[in-house]
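Each remark here refers to the structure printed beneath this line.
Read the figures in this text as sums done on the coordinates, not as results from a lab. Being a predicted model, the structure only gives us computed values, none of them experimental. Neighbour counts run over all protein chains shown; Cβ positions are idealised from the backbone, glycine included.
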Amino acid sequence: MRITLNGEIKECPAGTTIEKLLELYTIDKHRTAVELNAQIIPRKEHSSRIVKDTDVLEVVTFVGGG
Amino acid sequence: MDKKLKIGSREFTSRLFVGTGKYPTLDIMAKALEASGAEVITVAVRRAKINESESLFDYIDTNKYTILPNTAGCYSADEAIRVAHLARETGLSDMIKLEVLGDERTLLPDPIDTLKATKVLVNEGFTVLVYTSDDPIVAKKLEDAGATCVMPAGSPIGSGQGILNRNNIRIILESAKIPIIVDAGVGTASDVAMAMELGCEGVLLNTGIAHAKDPVKMAIAMKLACEAGRFAYLAGRIPKRLYAKASSPEKDF
């Protein structure tokens, strides 16, 4: 199935959790925050929340800034 | 010799806050942060890169520094509130450096949306350190809205022009009951010293160090200037006089 991850169309198997998705695309799960369809998903739900076809995910982290 | 700087529930010895953007390399950034003596460092919130293993935090010890996420790049209250929520969700900090900009050319703050976002975030329990212009009325309104700290710009972000309107900073300081930290526009050490001599509680800077030819040396200069300016303020400077006043006795030759 297809999801949109940070603006890019990506493939993932059915039943993928947010946590698994981050692993699949090598995104450090520490110090990240995840929005699923414009709603923040609390960290503790990442291991149980399953993404669905056409879901839009935004994963943010900290970068250098002033 | 000096009391600690209190921001919300936290206390700091260093009064210099340093940004983590725009260094030639992350290794130089880490060395410059160390040399600056900063205890609070700012970071920005951006999309995580897919399939990239290097992280800013490979170079930053989060046990050592207090992380202050910013809302840089936001041009409305709603955008800034979203970024603040995301920053808090990372679990690293409930402090936010609120920055709502008016336009891309000047990067000057939008006072109306800044005030709006301050009210919302304060209500939600954030410790809000708010970036603003040097307008004393806006600064007062932000304080009244519950900001923990008001951070007027010395001059536009990254411009290196120093403190363009000392009088406005003085007026802000006169009535403020919360820490005032000059944020933005610092070009060199004397700008930091100036802010501190005026009585600011601290200075936040990034480009002045990151874009110096030698960021680590400049970090040392900024640290010393911050301390020098602070002690000059605490010591109480002599008044300026129009005419000379001899330093040596004028009698008993």
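In terms of modelled amide H atoms, which long-range or inter-chain residues lie less than 5 Å from the amide H of A:D55?
A:T4
Nearest 500 deg cm²/dmol is fine: what mean residue ellipticity at 222 nm does the protein assembly as shown get from its DSSP H runs of n ≥ 4 alone, each adding -39,500 (n - 2.57), divided by its residue count?
Roughly -9500 deg cm²/dmol at 222 nm, from the helical runs in the protein assembly as shown.
Compute the long axis of helix B:166-175 from its Cα atoms, compare it with the longest principal axis of the Cα atoms of chain B, and write down the angle in degrees, 0 to 90, nearest 10.
It works out to around 80 degrees.
What do you get for trypsin sites (Lys or Arg not before Pro) in segment B:119-225 restricted to DSSP loop and a cutoff of at most 15 other Cβ within 10 Å of the site's Cβ?
B:K177, B:K213
Residue by residue through segment B:237-247, which ³J(HN,Hα) values in whole Hz follow from phi under the Karplus form 6.51 cos²θ - 1.76 cosθ + 1.60 (θ = phi - 60°), with glycine and proline marked x?
6, 6, x, 6, 10, 6, 10, 5, 9, 4, 8
Cα gyration tensor of segment B:1-79, axes a ≥ b ≥ c as square roots of the eigenvalues: rounded (a/c below 1.5), prolate (a/b > b/c) or oblate?
oblate
Sort the protein assembly as shown into rounded, prolate or oblate with this rule: let a ≥ b ≥ c be the square roots of the eigenvalues of the Cα gyration tensor; rounded if a/c is under 1.5, and if a/c is not under 1.5, prolate when a/b is larger than b/c, oblate otherwise.
prolate
Through the Karplus equation 6.51 cos²θ - 1.76 cosθ + 1.60, θ set to phi - 60°, convert the phi angles of segment B:53-69 into ³J(HN,Hα) values in whole Hz; use x for Gly and Pro.
Using θ = phi - 60°, the values come out as 9, 6, 10, 3, 7, 5, 10, 10, 8, 6, 7, 8, 9, 8, 8, 10, x Hz.
Please list, in order along segment B:16-30, the HN-Hα scalar couplings obtained from phi with the Karplus expression 6.51 cos²θ - 1.76 cosθ + 1.60 (θ = phi - 60°), rounded to whole Hz, x for Gly and Pro.
9, 9, 10, x, 10, x, 6, 6, x, 9, 5, 5, 5, 4, 4
Using a ≥ b ≥ c from the Cα gyration tensor of chain A (square roots of the eigenvalues), is it rounded, prolate or oblate, where a/c under 1.5 gives rounded and otherwise the larger of a/b and b/c decides, a/b for prolate?
Prolate, since a/c reaches 1.5 and a/b exceeds b/c.
Computed over the Cα atoms, what is the radius of gyration of segment B:178-253 divided by 2.2 N^0.38 Å, N being its residue count?
1.47
Give the separation of the Cα centroids, segment B:156-211 to segment B:219-253, in Å.
When both Cα centres are located, 20 Å separates them.
Please go through segment B:89-144 and write out the GluC sites (Glu not before Pro) that DSSP classes as loop and that have at most 15 other C-beta atoms within 10 Å.
B:E104, B:E124
Report the chymotrypsin sites (Phe, Trp or Tyr not before Pro) located in segment B:168-245 that are in a DSSP loop and have at most 10 other Cβ atoms inside 10 Å of their Cβ, or state none.
B:Y243
From Cα pairs below 8 angstrom and at least 6 apart in sequence, can you work out the relative contact order of chain A, rounded to a whole percent?
43
Would you grab the residues whose amide H sits under 5 Å from the one on B:G102? Only those 5+ places off in sequence or on another chain, please, with H modelled 1.01 Å from N.
B:L108, B:D110
Take the alpha-carbon centre of segment B:10-37, take the same for segment A:1-28, and report the distance between them in whole Å.
Answer, in whole Å: 34.
If you find the alpha carbon centre of segment B:128-152 and of segment B:58-75, how far apart are they in angstrom?
21
Taking neighbour counts of Cβ atoms within 10 Å as a proxy for exposure, in what order, fewest first, do B:S175, B:S248, B:S36 appear?
With the fewest neighbours first, B:S175, B:S248, B:S36 line up as B:S248, B:S175, B:S36.
May I ask for the net charge around A:T17, where only other residues with Cβ less than 14 Å from the Cβ of A:T17 are counted and Lys, Arg are +1 while Asp, Glu are -1?
That works out to +2.
Taking the 0 to 90 degree range and rounding to the nearest ten, how far is the long axis of helix B:111-123 tilted relative to the main principal axis of chain B, both from C-alpha atoms?
Around 70 degrees separate the two axes.
Report, by chain and number, residues whose modeled amide H sits under 5 Å from the one on B:T132, excluding near sequence neighbours (fewer than 5 apart, same chain).
Those lying under 5 Å, H to H, from B:T132 are B:M151, B:A153.
Taking only C-alpha pairs under 8 Å that are 6+ residues apart, what is the relative contact order of segment B:92-212 in percent?
Taking the mean separation of contacting Cα pairs over the length of segment B:92-212, I get 20 percent.
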